[in-house]
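First the structure, in the form of C-alpha cells, and then the observations on it.
The values are calculated or read from the model by the stated rules, or taken from the named source; none is laboratory data. Keep in mind it's a predicted model, so treat the numbers as computed, not measured. Quick reminder, even Gly has a Cβ in these numbers, built from the backbone with ideal geometry, and neighbours come from all protein chains shown.
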Amino acid sequence: MALNTGPSLLDAIVLSAAAREGTYGYKITQDVRSVMEVSESTLYPVLRRLQKNGCLETYDQEFGGRNRRYYKITPAGRQRLDESLSEWEDYKKKIDIVFYGGIET
C-alpha cells in the first residue's frame, strides 16, 4: 500500500534531498524514488517550482562532456524545510497516538 503524499510533504522531501551539497536533479529523483513511489515527471516540476519560489538555486557543471544541473538549497529553502520538519514531527506524534493506542514516541 502506498500512502498519498501531498504537495507540501513532497516539497519537504525534495528540499531535504537537495540539502546535500552538490546534488543534481537525477540524483534527487533517484533518492526520493528509492523510498517512495513517485515518477520523475512528478519530481522535476517540484524542483522547478521550488526554484521559482526561491527555495532552490541551480548551477551547471560539466560532467562527462555535458552540463549537469545541480541544485542547492537557499536560506529560504532551509527555513521552509525546518518548518516542514517541525510540522512533520507534530503530525507524526499525533498519528502515532492513534496508531499505537495512546503511546507517544
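For (1) modelled with pLDDT of 95 or more; (2) over 12 Å from the mean Cα position of the chain (by Cα); (3) loosely packed, with under 13 Cβ neighbours inside 10 Å; (4) not polar (S, T, N, Q), each residue gets a yes or a no:
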| residue | (1), (2), (3), (4) |
| --- | --- |
| 50 | yes, no, no, yes |
| 55 | yes, no, no, yes |
| 59 | no, yes, yes, yes |
| 62 | no, yes, yes, yes |
| 66 | no, yes, yes, yes |
| 70 | no, yes, no, yes |
| 75 | yes, yes, yes, yes |
| 91 | no, yes, yes, yes |
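Take residue 95 and tell me if it is surrounded by fewer than 16 Cβ atoms within 10 Å (Cβ to Cβ), at pLDDT 90 or above, of a type in the set (A, V, I, L, M) and in a helix (DSSP H, G or I). For residue 95, the condition - surrounded by fewer than 16 Cβ atoms within 10 Å (Cβ to Cβ), at pLDDT 90 or above, of a type in the set (A, V, I, L, M) and in a helix (DSSP H, G or I) - is met.
On the stretch given as the stretch 8-33, residues that are assigned to a helix (DSSP H, G or I), in contact (Cβ under 8 Å) with a residue 40 or more places away in the chain and polar (S, T, N, Q) total 2. Within the stretch 34-50, if we keep just the residues that are in contact with a helix residue (DSSP H, G or I) (Cβ under 9 Å, 6 or more places away or on another chain) and part of a loop (DSSP other than H, G, I, E, B), the residue that is farthest from residue 89 (Cα to Cα) turns out to be 39. The residues of the stretch 56-105 that are of a type in the set (Val, Ile, Thr) and in contact (Cβ under 8 Å) with a residue 12 or more places away in the chain, listed by number, are 58, 73, 74, 105.
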